[in-house]
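A short worksheet on the structure shown next.
The values are calculated or read from the model by the stated rules, or taken from the named source; none is laboratory data. Treat the numbers as computed from the prediction; the structure is a model and nothing was measured. Counting neighbours? That spans all protein chains shown, and the Cβs are built from the backbone with ideal geometry, glycine included.
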């Protein structure tokens, strides 16, 4: 009995609560059962989901839920101070919130990056110190490791979500949430807490005060999204990751140029299915509870240029960077040079948001240069607005291939491995070995082919499939759901793969 309670209430860092574990679905079933008792009372519903979400984050990130609770309380109070203040005090409270949020993010996410960069530049031997562990050991006599700083899961997502709320209050585009429990619910809503989408307060908060509503068609949509997300993540992303992509990126020199090329394209498919799969599940679960989250992907690998790609990929982050960084920097209002600078600054910082590594900075910089190139190319391009099939096909292929190339720096665990992968690609693809390689990885390439067909099939086919599923009777939906669960758990790897964007 004690062991059973400990497994339910305790935190196990080896078994975080993620969508692909059965423990999450038991948690969601219990949370939904409790939800049926309170969903008609708005204040109870919000308070209940806030507490449930905190428990979810505790099961996912351990005692870091206290950090989340602290920063949420701070921004709740600062939001009210900003709204009630005038002049310099408003700006002072705004910058206090920005400094607090970015300071916490920088400490946990970039302490090693900044320290190592400083040491390399000035030939010093500084080491980061885990102040929380140091203080806890001094006060409570614990024995936490003071030399290791652990990154709290989802900190980048909820930090940006809270910052958008504070900035909107400062701009007088939003009134602060009056009840702390309601604000806590907005920040911590568990389906999207650890990997987005980054929800704007202006979009989500009004829903918190509306009666629960879910039509039969919306329930069908929610179930369709959850099943689609599980298939993307566990049948496609995890399978090609474990059986091919991870191996090649770990030791590029041990593989042929063709295998390196396929691993790069495979990673583009993997990261899309992984992240969009998470988003599908998050949107579906939220919809079951009566909350509508914004889409985060719009068939990004159908983009005909890099600018269009960033309007289709991780839409909530792209919009956040546009509205809270690019436009405040000046956008395109101050001439060509300033616009170019703003684009590059936004993409470099967007790259750094993804991870504390020069690889991510390079990845962001390459995308920034591509945006600048496209900005000027479209003015002279003889193919502008040309929708002939071969022009569209070539544009999509070139864009996808460029995005795939930049992801070498996104995926490689070090700059040296990224260069090793590029060197392997530049050495040729050994045409005579392709048939043998394909036969050796027949299952992997079959799944990759399925994934690429899925993402490039006509949108009308996808909408037809979705509409057909929604129109099915409930028993047929249940049967298909059971089939999908059976298939994905047959394909599951021995070592459960975390969602890629959990590390951000």
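Would you say residue 59 is surrounded by 14 or more Cβ atoms within 10 Å (Cβ to Cβ) and within 27 Å of residue 318 (Cβ to Cβ)?
Criteria not met by residue 59.
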* To do: Considering only region 416-456, state which residues are surrounded by 14 or more Cβ atoms within 10 Å (Cβ to Cβ) and under 14 Å from residue 252 (Cβ atoms).
  => 417, 418, 419, 420, 421, 422, 424, 425, 429
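Regarding residue 356, is this residue farther than 26 Å from residue 159 by Cα and surrounded by 13 or more Cβ atoms within 10 Å (Cβ to Cβ)?
It is false that residue 356 is farther than 26 Å from residue 159 by Cα and surrounded by 13 or more Cβ atoms within 10 Å (Cβ to Cβ).
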* Answer with yes or no whether residue 68 is closer than 13 Å to residue 185 by Cα, crowded, with 20+ Cβ neighbours inside 10 Å and either in contact (Cβ under 8 Å) with a residue 24 or more places away in the chain or not assigned by TED's automatic domain parsing to the domain that holds residue 189 (or both). => yes
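Would you confirm whether or not region 385-392 contains a residue that is over 28 Å from residue 279 (Cβ atoms), exposed (fewer than 14 other Cβ atoms within 10 Å of the Cβ), touching a helix residue (DSSP H, G or I) at 6+ places or on another chain (Cβ under 9 Å) and at pLDDT below 95?
Yes, region 385-392 contains at least one residue that is over 28 Å from residue 279 (Cβ atoms), exposed (fewer than 14 other Cβ atoms within 10 Å of the Cβ), touching a helix residue (DSSP H, G or I) at 6+ places or on another chain (Cβ under 9 Å) and at pLDDT below 95.
Let's see how each residue does on (1) surrounded by 15 or more Cβ atoms within 10 Å (Cβ to Cβ); (2) without any contact (Cβ under 8 Å) to a residue 12 or more places away in the chain; (3) not in a loop (DSSP other than H, G, I, E, B):
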site: 133; (1), (2), (3): yes, no, yes
site: 139; (1), (2), (3): no, yes, yes
site: 146; (1), (2), (3): yes, no, no
site: 151; (1), (2), (3): yes, no, no
site: 160; (1), (2), (3): yes, no, yes
site: 176; (1), (2), (3): yes, no, no
* To do: Answer with yes or no whether residue 73 is under 29 Å from the mean Cα position of the chain (by Cα), under 14 Å from residue 165 (Cβ atoms) and part of a helix (DSSP H, G or I).
  => yes
* To do: State which residue is nearest to the chain's Cα centre (by Cα) when the search covers only region 305-351 and only residues that are surrounded by fewer than 19 Cβ atoms within 10 Å (Cβ to Cβ) and outside any helix (DSSP H, G or I).
  => 331
